[in-house]
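Peer 1: What follows is a single structure, and I will ask about it in a moment.
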Amino acid sequence: MAYDRLNPSMDTGSIDSAPGTGPIPETGLRPLTRVVVDLSAIADNVRALQSLCGEETAYMAVVKADAYGHGAVRVAKTALAAGSDFLGVARISEAVQLRDAGITAPVLLFGDILPDQAVYAASRDIRVTFFDADTAAAASRAVRSAGLTLKAHIKVDTGMGRLGLTPGVDMAAAIRDIAAITAMEGIDIEGVYTHFANADSPDTRHALEQVALFSKVKTALAAENIAPPIFHAANSAAAMTLPRSRFDMIRPGIAMYGLPPSPDTRGIVLRPALSIRSAVIQIKQVPKGFPVSYGSTYVTDKPTRIATVPIGYADGYSRLLSSRAHMLVNGQRAPVAGRVCMDFTMIDVGHIPGVRTGDDVVVLGSQGTETVSADELANHIQTINYEVVAGLTGRIPTRYIKDPHD
Ligand SMILES: *Cc1c(COP(=O)(O)O)cnc(C)c1O
């Protein structure tokens, strides 16, 4: 069968075999560099978002991109136990990973779906997204001939400019397409949704325009007696700041991980769940004029002590952080000295007394009263906190702590 070539279970195999994602062999050596995920923070953030939005609003925990670097399966289980109704992912391999882990909750795939994958999705009870009628028709034919039913949501593009039917360009055509997809055999339309382009901005005009257009679609569909049960739109920022955006379900990602969607988003107290911890593997006393790391871009301007930490850009600690970021040692900030290497980064600890080999280093997170936040690292490299956590690679093992269900 054609879908053997695309069989998502093959993707799962390669996910599982990625270095660092499996159990750490018991060598007697502790992994010096590890991501630590506090699952109780995830559970608290889920509950905080739910109580903000009300119990009548369903909750989809967005766990795409390995739960933004936090680990999809453990986060999904934690979010479901904390009351989440749905899970959201971007790729079919991500949906399959959840199913293979024994998770039976509803899973919605935001991303693309090929007709032969549609059969596979139906067989694993994975809800898919349709953004056009042709793809839906091909999927309908495929699942019918396999004797299956595929649950699906239809995406409308109300201003994001990414995926979906475009009611803002041609309302009648969008309604016609939704009606056609809804009538297709083998397809069970459970929801209609849209996605915001600017919900994280203090200027709410564009987001409110999107809400208005989405509401118009809902009304126009109702006039045709088309009323799928779940209309949904809100990402974290919208859920937190725009009550009118919540419709029947919210889809928070970043806020569930305890990170603000933007510096402007307020509303609830979030607890960051992820930290990155490592240790000093060498410390050396060096004179003034000592060059550090590739390119010798950092040269000590006085006698100092340089500590080497085993984290690098292959772990997702961006090379753009070279000579910019700080790490925490003994509760104090230590500047990154010179270029971040593939596997190692040096920090200047000359001002921190008593640093020794083996001392804990916090690369991201808190130590004592000091914190290096994902936003701080993001600011150094002109990106957003999302990319800092989602960009961590599978090489770093993850330790889960405070699982509320352990
Ligand atoms: C990623 C994503 C979300 C979650 O967005 P956050 O800003 O992380 O809350 C919601 N919906 C869709 C369709 C997404 O792709």
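The values are calculated or read from the model by the stated rules, or taken from the named source; none is laboratory data. These numbers were taken from a predicted model, which means no experiment stands behind them. Counting neighbours? That spans all protein chains shown, and the Cβs are built from the backbone with ideal geometry, glycine included.
Rundown of residues vs (1) touching a Leu at 6+ places or on another chain (Cβ under 9 Å); (2) within 23 Å of Cys53 (Cα to Cα), yes/no style:
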site	(1), (2)
Thr78	yes, yes
Ser84	no, yes
Asp100	no, no
Val107	yes, yes
Leu114	yes, no
Tyr120	yes, no
Ser123	yes, no
Thr129	yes, no
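Peer 1: Hey, another quick one. Grab the strands (runs of 3 or more DSSP E) fully contained in the range 202-290, keeping just those with 3 or more residues being within 27 Å of Ala65 (Cα to Cα) and more than 13 Å from the ligand (Cβ to nearest atom).
Peer 2: Values: elements: 230-234, 274-279, 282-286.
Per the criteria, 274-279.
Peer 1: When you check Met342 against the structure, is it surrounded by fewer than 22 Cβ atoms within 10 Å (Cβ to Cβ) and in contact with a Phe, Trp or Tyr (Cβ under 9 Å, 6 or more places away or on another chain), yes or no? So that I can check it myself, show each step before the final result.
Peer 2: Details: surrounded by fewer than 22 Cβ atoms within 10 Å (Cβ to Cβ): yes; in contact with a Phe, Trp or Tyr (Cβ under 9 Å, 6 or more places away or on another chain): yes.
For Met342, the condition - surrounded by fewer than 22 Cβ atoms within 10 Å (Cβ to Cβ) and in contact with a Phe, Trp or Tyr (Cβ under 9 Å, 6 or more places away or on another chain) - is met.
Peer 1: Against the definition (modelled with pLDDT of 95 or more, farther than 27 Å from Arg124 by Cα and either crowded, with 20+ Cβ neighbours inside 10 Å or within 13 Å of the ligand (Cβ to nearest atom) (or both)), how does Ala41 come out, yes or no?
Peer 2: Details: modelled with pLDDT of 95 or more: yes; farther than 27 Å from Arg124 by Cα: yes; either crowded, with 20+ Cβ neighbours inside 10 Å or within 13 Å of the ligand (Cβ to nearest atom) (or both): yes.
So Ala41 passes the test.
Peer 1: Being touching a Gly at 6+ places or on another chain (Cβ under 6 Å), basic (Lys, Arg) and modelled with pLDDT of 95 or more is the requirement here; does Arg356 meet it?
Peer 2: no
Peer 1: Of the residues Ala173, Ala212, only one is modelled with pLDDT of 95 or more and closer than 15 Å to Ser245 by Cα; which?
Peer 2: Working: Ala173 fails: closer than 15 Å to Ser245 by Cα.
Criteria check complete, one pass: Ala212.
Peer 1: Yes or no: the range 166-185 includes at least one residue that is in contact with a Ser or Thr (Cβ under 7 Å, 6 or more places away or on another chain), under 20 Å from Asp112 (Cβ atoms) and without any contact (Cβ under 8 Å) to a residue 40 or more places away in the chain.
Peer 2: No, there is no match, as no residue in the range 166-185 is in contact with a Ser or Thr (Cβ under 7 Å, 6 or more places away or on another chain), under 20 Å from Asp112 (Cβ atoms) and without any contact (Cβ under 8 Å) to a residue 40 or more places away in the chain.
Peer 1: Now for a separate question. Which numbered condition in (1) modelled with pLDDT of 95 or more; (2) within 19 Å of the chain's Cα centre (by Cα); (3) not charged (D, E, K, R) is the only one that Gly111 fails?
Peer 2: Going through the list (1) modelled with pLDDT of 95 or more; (2) within 19 Å of the chain's Cα centre (by Cα); (3) not charged (D, E, K, R), Gly111 breaks only (1).
Peer 1: Based on what the data block shows, is Thr182 polar (S, T, N, Q) and either closer than 14 Å to His153 by Cβ or outside any helix (DSSP H, G or I) (or both)? Full working, then the answer.
Peer 2: Working: polar (S, T, N, Q): yes; either closer than 14 Å to His153 by Cβ or outside any helix (DSSP H, G or I) (or both): yes.
Yes; evaluated as a whole, the condition is true for this residue.
Peer 1: I've got another one for you. Could you give me the residue pairs with C-beta distances under 6 Å whose first residue belongs to the range 94-112 and is over 17 Å from Gly83 (Cα atoms) and free of Cβ contacts under 8 Å to residues at least 60 places away in the same chain, whose second residue is aliphatic (A, V, I, L, M) and more than 16 Å from the ligand (Cβ to nearest atom) wherever it lies, and which are 6+ apart or on separate chains?
Peer 2: Ala101/Val73
Peer 1: If you go through the range 218-258, how many residues are in contact with a Leu (Cβ under 8 Å, 6 or more places away or on another chain) and surrounded by fewer than 18 Cβ atoms within 10 Å (Cβ to Cβ)?
Peer 2: Number of matching residues: 2.
Peer 1: Exactly one condition in (1) under 13 Å from Thr308 (Cα atoms); (2) touching a helix residue (DSSP H, G or I) at 6+ places or on another chain (Cβ under 7 Å); (3) free of Cβ contacts under 8 Å to residues at least 40 places away in the same chain is not met by Ala378; state its number.
Peer 2: (1)
Peer 1: Look at Lys302 and say whether it is assigned to a loop (DSSP other than H, G, I, E, B), at pLDDT 95 or above, basic (Lys, Arg) and more than 16 Å from the ligand (Cβ to nearest atom).
Peer 2: Working: assigned to a loop (DSSP other than H, G, I, E, B): yes; at pLDDT 95 or above: yes; basic (Lys, Arg): yes; more than 16 Å from the ligand (Cβ to nearest atom): yes.
Yes.
Peer 1: Check the range 355-366 and report whether any residue there is within 30 Å of Gly253 (Cα to Cα), of a type outside the set (Asp, Glu) and under 19 Å from the mean Cα position of the chain (by Cα).
Peer 2: For the range 355-366, residues within 30 Å of Gly253 (Cα to Cα), of a type outside the set (Asp, Glu) and under 19 Å from the mean Cα position of the chain (by Cα): present.
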